[in-house]
Structures are given as C-alpha cells and as structure tokens.
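Right, one structure below, let's go through it.
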Amino acid sequence: MLNRLATGALALALTTSCLVTGVSAQGASDQVTDFTLDNGMQVVVVEDHRAPVVVHMVWYRAGAADEEPGVSGIAHFLEHLMFKATDNMASGELSATVAANGGTDNAFTSQDQTAYHQRVAADRLELTMQMESDRMQNLALTEEDIATERDVILEERSQRTDSEPGALFSEQMRAAQYLNHPYGLPVIGWRHEMEQLGLAEANAWYDRYYAPNNAILIVAGDVEPDEVKALAQTYYGGIPANPDLPSERIRPAEPPQIAERRVVFRDARVAQPYVNRTYLAPERDPGQQHEAAALVMLAQLLGGGTTSYLYEHLVLDQQAAVYAAAYYSPTSLDDTTFGVYIVPRPGTDLDTAEADLDAAIAGFLEEGVDEEALERIRMQIRAEDIYERDDVAAMGQMYGRALTSGLTVEDVQQWPQILQEVTPADIMAAAHKVLNRDHAVTGWLMPDPGPEEASAATPEADAEEISQ
C-alpha cells in the first residue's frame, strides 16, 4: 500500500524520536544484534521473548525519490507486483500462506524505501523467510500482471489523491517546495506517467534495486540471533549481490531557495479552508543529529498539541482558529520539511489567518522557550520510549526506516540521549534558522469561488495563485 504523509507527521516525529537500541535513557537494555552477510545484506535482530511472535521485514534502499525521470510511481507499482507469481509460487500464494498460518503481511513504499513485512508465530519464521527470499530473486511478471495491477494503482490514485482536495493540495505544495530534488514527485506517481508504466520498466527497477546488497533484513521478536543468522545465510546468503548497484544514492540537488513560494489551491469540494506553510529543514544525518533533535523539540513546543504555543495563542486565547499545529519528520535521506498550519474559525478569511499565524510565530521567536513546557515534552518522549518497546512491529519499523534513510545503529542508540540533552538555546537557534519565509512554501486550500466571485477576479490575482 502507499505510505502517505499527512498532518499526522506530528505523531510520526515523536514516535521516530523514541527509537532505542543499546541502553536507553531509562537504563533498560534492548537486545539488538546486527551483522552483514557475505553478499552485502545487512541483518538486524531485535530480541523480545515476552510472546512467541516474530516480525520479519525486508527493507530496500529504493523509494520514489530514486526513480528515473519519466517513470514516476514505478517503485510503488513494483511493490504491488511483488505479490504476483514467482518461479516457485503462484500469484498471491505468499499472502495466502501467511494467513493460513495465522499471520499477517503487507508492504509500503515511501520516498526513501520500500518494505515488505510479515507478523507470524515464531515457529513460522523459516517458512516466511523462505518465501520472501524467493520473491527477492525469482519474480516472474507477465503482461497480464502489468495490465491488471496498473489499473489497480490508477484506481488507488483516483481514490486517495484525485478525489481528495487535501491530498491534491499537499501534492502541489511538495512540487513547489522541491524544484529539482525528486522529493517533489508524488510517491504514487503522476497519472500520465503511471498510465505508461510497463513490463520493461518494472523489470528494470526489480533487477537494479531488489538485491541483497541493497536490502536490510530485520527480525524482531521471540528469536535468537544465532538462529536468525543461520536462517538468513540459508535463504538469503545464496542470492548474488548486484555488482552494478550504485555505491551511493546520489540524487539531483535542490538549488538554494532565495524567495518564498506560494500555492493557492481552489476546489469546490473543500469544506474547511486552511493555511499550510512548509520550510526546508535538515534531516537526521549520521553522526550529526543534534540540529534535527532541536527541531523535534521545536515542533512539539510550537505546535505539538493543545498545550503548544500556537494552539494556546491562536485557538484558546485569541479564538482566531479552530486548530493550529506544527510538524516535523526527522528521518529522511535528504533535506526534509518543517511545517505549520492554521485552520481558521468560520467566517475568517485566509489572509487574516495567515497574518495571525505569522504573528504567533514571531511571538514565539521573541519570547523563547518555556522551560516547563520543554521538561513536559522530555517526559513525554521518555514515556513513548517505554511504550514503543512493547510493540515489536513498531521497533522493526523504526529500525528499518532509520537504516534505509542513511543512519546507523550507533545513531539510533544515541538519538534518545541527544533528544534529552537539547537546550532552549539549541531550539531557538534551530527556529531562527529554519523559520525563514525565504525558504518556505505558503499554501492556501480554499473552496472554488462561485460564478459571480470568479467573474469578478482580476487576471493579476489569478496569475498569483501559483508563484515563486
């Protein structure tokens, strides 16, 4: 299925921040082992022996942002096609077998990775690994598969994007934010390019990226590292590495943004207008996570719930909005975004709402960090740390996303403590650096005007709806 980002990125940022390996801030030890097979496949084992359950995941360092021009959506398309027949399994057999053994399975595609995962009883790990390793090397696509599944992804775009004004608006916002970097492309793809995806494009993507030296195997749950290592060597170790795989994931660089960009998206289906602004922001980098940690804290202080600065000022005190928030997702291979938005009260125009949002941000930059609020967020993160380790699937997800985004196990081990050590000065430095409108895209989502209003609009006003 397609992995979509929305305003729920607030929760994602906090959850991602709580991934722990080694010794956590609470002193509890997570049992994590990692090693690499001779063919280059990285293996991470997360032990949790409280229940006889295991989560098996294969993550590929290939997502929508790795696609060549003209074939947007091919990463997500192949994700669908991976459930078709192999040389040894019939179409749909993997999922049917997992279900028959009491398990569940799924997959997702994002900008930086594609992942396949199963949750099964611990004694079914070998069966699951046998099937997943088979489709890593023996996928057998046909033209009929292509035609059938292409219709499926086109319908998915119709339902999840084209029929949702908010999704179309977000798509246009990202396209305006990234002029040259492929993060500006939708994960599901542009419709006119999706319609042209064929067998040759699917096989080319599969042959290039679906190789053990481009994959990470994560096994979390009631397992022993030696057992996982033996099974991984048996089922994945014999798959040859791709010698032509690029040594680095080099993508087109985004040119420096020197002026604010604006998007106005009108749609008759919009019931609740709002203002959204996204700023280019640094991501977590290997060995250099301190600035990203400060931005995690900034997002929570500025707009992380009903006790945040934006909510208290715009919703509770001024009663200018029904909701206001900020969000930031730190785990990304390349520069990500920091976002803020305001949903004004009925009858308030978006120009006024944007001015209110700007005034609130300026107020935060002037007043600085509330120490009590910061300590409360630190406690929330420590609590989330504990809750995350109760879910082996969530732990596996966090490892996979971090490692396929260029981070290391050591970075993951250090991240919780880095978060706890963020100071008010760190947060304000990050705020002054990132909250710069010259590096932002400001978007208005609003209803389509009626005939009388549309006829009264000037050509100059129409031309300014999408500008840089």
(message) Run through segment 215-293 and list the GluC sites (Glu not before Pro) located in a DSSP loop whose Cβ has at most 14 other Cβ atoms within 10 Å.
(response) Glu248
(message) I'd like the orientation of helix 225-235 relative to the chain: the angle between its Cα long axis and the longest Cα principal axis, in ° from 0 to 90, rounded to 10.
(response) 80 degrees
(message) I need the shape label for segment 259-338. Rule: rounded when a/c is under 1.5, else prolate if a/b > b/c, else oblate, with a, b, c from the alpha carbon gyration tensor.
(response) oblate
(request) Of the options Thr104, Ala373, Tyr206, report the single residue whose Cα projects farthest towards the positive end of the charge dipole of the chain (beta-carbon charges: Lys, Arg +1; Asp, Glu -1). (result) Thr104
(message) Using the Cα centre of segment 141-189 as the reference point, and only Cβ charges (+1 on K/R, -1 on D/E), how large is the resulting charge dipole? Debye, rounded to the nearest 20.
(response) 420 debye
(request) Report the semi-axes of the equivalent ellipsoid for segment 316-425 in whole Å, largest first, where each axis is √(5λ) for an eigenvalue λ of the Cα gyration tensor. (result) 33, 18, 15
(request) Mind pulling the angle between the C-alpha long axis of helix 143-157 and the longest principal axis of the chain? Nearest 10 degrees, somewhere in 0 to 90. (result) 30 degrees
(message) Just to compare against my own numbers: the Cα pair-distance distribution for segment 64-190, 5 Å bins, whole % per bin, please.
(response) 2, 10, 17, 19, 18, 13, 10, 8, 3, 0
(request) Find, to one decimal place in angstroms, the Kirkwood hydrodynamic radius of the chain, where the mean of 1/r is taken over every pair of different Cα atoms and then inverted. (result) 23.6 Å
(message) How large is the accessible surface of Arg119 in square angstrom, using a 1.4 angstrom probe and rounding to the nearest 10?
(response) 100 Å²
(request) In square nanometres and to one decimal, what's the mean projected area of the convex hull around the Cα atoms of segment 156-273? (result) 12.7 nm²
(message) Quick check for me: using +1 on Lys/Arg Cβ and -1 on Asp/Glu Cβ, what's the dipole size of segment 323-454 about its Cα centre, in debye to the nearest 20?
(response) 420 debye
(request) Give me the accessible area of Met131, 1.4 Å probe, in Å² rounded to the nearest 10. (result) 20 Å²
(message) Keeping every protein chain present and rolling a 1.4 Å probe, give me the accessible area per residue for the chain in Å².
(response) 42 Å²
(request) Subtracting the Cα-Cα distance from 0.36 nm times the residue separation, let me have the gained length for Val152 to Ala355 in nm, one decimal. (result) 68.8 nm
(request) Could you pull the accessible area for Lys433 with a 1.4 Å probe, rounded to 10 Å²? (result) 110 Å²
(request) Provide Glu354, Glu155 ordered by accessible surface of protein heavy atoms (probe 1.4 Å), highest first. (result) Glu155, Glu354
(request) Order these peptides, 165-171, 234-240, by their mean beta-carbon neighbour count within 10 angstrom, highest first. (result) 165-171, 234-240
(message) Among Ala140, Ile427, His49, which residue has its Cα furthest toward the positive end of the charge dipole of the chain, with +1 on Lys/Arg Cβ and -1 on Asp/Glu Cβ?
(response) His49
(message) What is the angle, in °, between the Cα long axis of helix 350-367 and the longest principal axis of the Cα atoms in the chain? Nearest 10 is fine, range 0 to 90.
(response) 80 degrees
(request) Please get the size of the charge dipole for the chain, origin at its Cα centre, with Cβ charges of +1 on Lys and Arg and -1 on Asp and Glu, quoted in debye to the nearest 20. (result) 260 debye
(request) Take the Cα atoms of segment 23-120, find their three principal axes, and give me the spread along each one in whole Å, biggest first. (result) 50, 36, 28
(message) Cβ neighbours within 10 Å, averaged per peptide: list 201-209, 437-445 in order, most packed at the top.
(response) 437-445, 201-209
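The values are calculated or read from the model by the stated rules, or taken from the named source; none is laboratory data. Small disclaimer: the values here were computed from a predicted structure and weren't measured. Positions of Cβ are generated from backbone atoms using ideal geometry, with glycine treated the same way; all protein chains shown enter the neighbour counts. We work out accessible area using only protein heavy atoms, side chains counted, and drop any ligands, DNA or RNA first. Shrake-Rupley method; radii C 1.70, N 1.55, O 1.52, S 1.80 Å.
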